[in-house]
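Peer 1: For reference, the structure I am asking about is given below.
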Amino acid sequence: MTSSTNQLLKPITTKYNSKGNLEIGGCDLVELADKFDTPLYVIDEKTLRNICKDYKKAFANYHKIKFMYASKALCTSAISRILEDEGFGFDTVSAGEIYTLQNADIDMENVLFNGNNKSYSELEYAIDAGVGRISVDNFIELYFLNKIAKAKDKYVDILLRITPGIECHTHEYIQTGHLDSKFGFDMTLIDNAIELIQTKYTHLKLHGLHAHVGSQIFETGIFPDEIEIMASEIARIRDEFGINLNEINIGGGIGVKYTTEDNPPSVYDIGDIVIKKIDEVVRKYNIEFPTLYLEPGRSIISTSGITLYTIGSAKQVPNGTKYVAIDGGMADNPRPSMYQAKYDAQIANKKDTEETEIVTIAGRFCESGDILIKDIELPKIHERDTLCVFNTGAYNYSMASNYNRVAKPAMILVHDSKAEIIINRETLDDLVAHDVIPDRLKKE
Ligand SMILES: *Cc1c(COP(=O)(O)O)cnc(C)c1O
């Protein structure tokens, strides 16, 4: 079995340099922290391009494949440029993400707009931007879209987001007849939607079905189950409505390795399983080979990203935990406090062969729950040490907030020993940029 980049805990370029410091992308992490300040998001371009290549190789035997990076994992203009360069399209969920892609000069034909409650104005924005597909989630959207399309004398290319009734947990999954989900058309309502498209909503062109069953999935069996359900629906829709749908979007969700306990699947295995299953359903249901969309987010960007922090104060609870505080936390990485996500880390300026201690890494924000890593074994820590937390590329910056009015960190792209800023650190002025003081409250 061939392994893929999402199965690694650290960026592929991670190593100790001659100074005894950790480096990534040929850049010394301690120097990066000095030069750009901390907290600092760092993305290793080589790791990012490698996972893209893994996906492309894994599906090389299926010519009707389209990779749509799920922008919500990390949406920045420079990252979007790299992904388009690797041949990826984009799954988006807001006008803001679409605007970011426009800012990066991305070909809108390769953009899909998705989400469970897109507003009228966002749908209008997406149509004006010329996105290639809109995944319609519910009846009100069908109505809105047709209305907008008609007014603009346009035809809109859509997929129907469905709830296939597969529920997944991280390590196992169960199939349920009915899934309680806020996303998509329930299986029993697909026919109503299609009738409306056939009779009333004539400015909508339906191309296929879309589903997404979950995230941080380790179980490969979920994808063939999804394909089975979608292919049998496509055959049924052909028989009952005389429409040939030839696009299947199976979403994203492939897992990554946050700690040594995680064993995410290889995308090469997923490629084999998915292609085999498509061959099977095409014969079984006598349908044409569909265009297959994959929307990986986390597995594309997570491994390439790390976050650097500077160690501040330490507190030893008598006979208890030793807390070591960093200059960031839940505002730049809300995942541990939101859903007990686990992370692994190293001290960038110390070899991991030094004498160790067990500490809890505490964030700087005013919540007791702002703990980044509980009980991690690290070389004895001192003030001013640089902490490197791994696998922070996905759902860190994209979920970051200004809690406590703390400015969001900068993001650096490292590649061939070069470090380039791709997101500027927010300034104090940025923090008050949208504040308004009504005249009557102003000081004379
Ligand atoms: C979140 C999401 C994805 C990406 O999920 P990952 O777990 O990050 O791969 C893909 N498609 C849809 C529709 C999503 O909502």
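The values are calculated or read from the model by the stated rules, or taken from the named source; none is laboratory data. All of these numbers come straight from a predicted model, not from anything done at the bench. Here Cβ is always computed from backbone atoms with ideal geometry, including for glycine, and neighbour counts include all displayed protein chains. For the accessible areas, the whole protein counts, side chains as well, though only heavy atoms, and no ligand, DNA or RNA atoms are used. Shrake-Rupley method; radii C 1.70, N 1.55, O 1.52, S 1.80 Å.
Peer 1: Under the rule of -39500 (n - 2.57) per DSSP H run of 4 or more residues, summed and divided by the residues of the chain, what mean residue ellipticity at 222 nm is obtained, to the nearest 500 deg cm²/dmol?
Peer 2: The helix contribution divided over the chain gives -8500 deg cm²/dmol.
Peer 1: Consider just the alpha-carbon atoms of the chain and return their Rg together with their Dmax, both in angstrom.
Peer 2: Cα radius of gyration and Dmax of the chain are 23.6, 79 Å respectively.
Peer 1: Then there's this: Could you tell me what a quarter of the Cα convex hull surface of the stretch 348-444 works out to, in nm² with one decimal place?
Peer 2: Over all viewing directions, the stretch 348-444 projects a mean Cα-hull area of 10.2 nm².
Peer 1: How would the stretch 44-301 be classified by its alpha-carbon gyration tensor: rounded, prolate or oblate, with rounded meaning a/c under 1.5 and the a/b versus b/c comparison settling the rest?
Peer 2: In terms of gyration-tensor shape, oblate.
Peer 1: Among H63, H415, what's the order by accessible area (1.4 angstrom probe), most exposed first?
Peer 2: H63, H415
Peer 1: In nm², what is the average projected area of the convex hull enclosing the Cα atoms of the stretch 227-297?
Peer 2: The number I arrive at for the stretch 227-297 is 5.3 nm².
Peer 1: Find the centroid of the Cα atoms in the stretch 392-444 and in the stretch 134-157, then give the distance between the two in whole Å.
Peer 2: Spelled out, the Cα-based centre of one part sits 35 Å from the other.
Peer 1: Continuing with the same structure: How many times 2.2 N^0.38 Å is the alpha carbon radius of gyration of the stretch 98-231?
Peer 2: Ratio of Cα Rg to 2.2 N^0.38 Å: 1.12.
Peer 1: Go ahead and run the numbers for FRET between K284 and M338, Cβ-Cβ distance against an R0 of 35 Å, rounding to 0.05.
Peer 2: FRET efficiency, K284 to M338: 0.25.
Peer 1: Let me ask something additional. Could you work out how far helix 120-129 tilts from the main Cα principal axis of the chain, as a 0 to 90 degree angle to the nearest 10?
Peer 2: Value to nearest ten degrees: 90.
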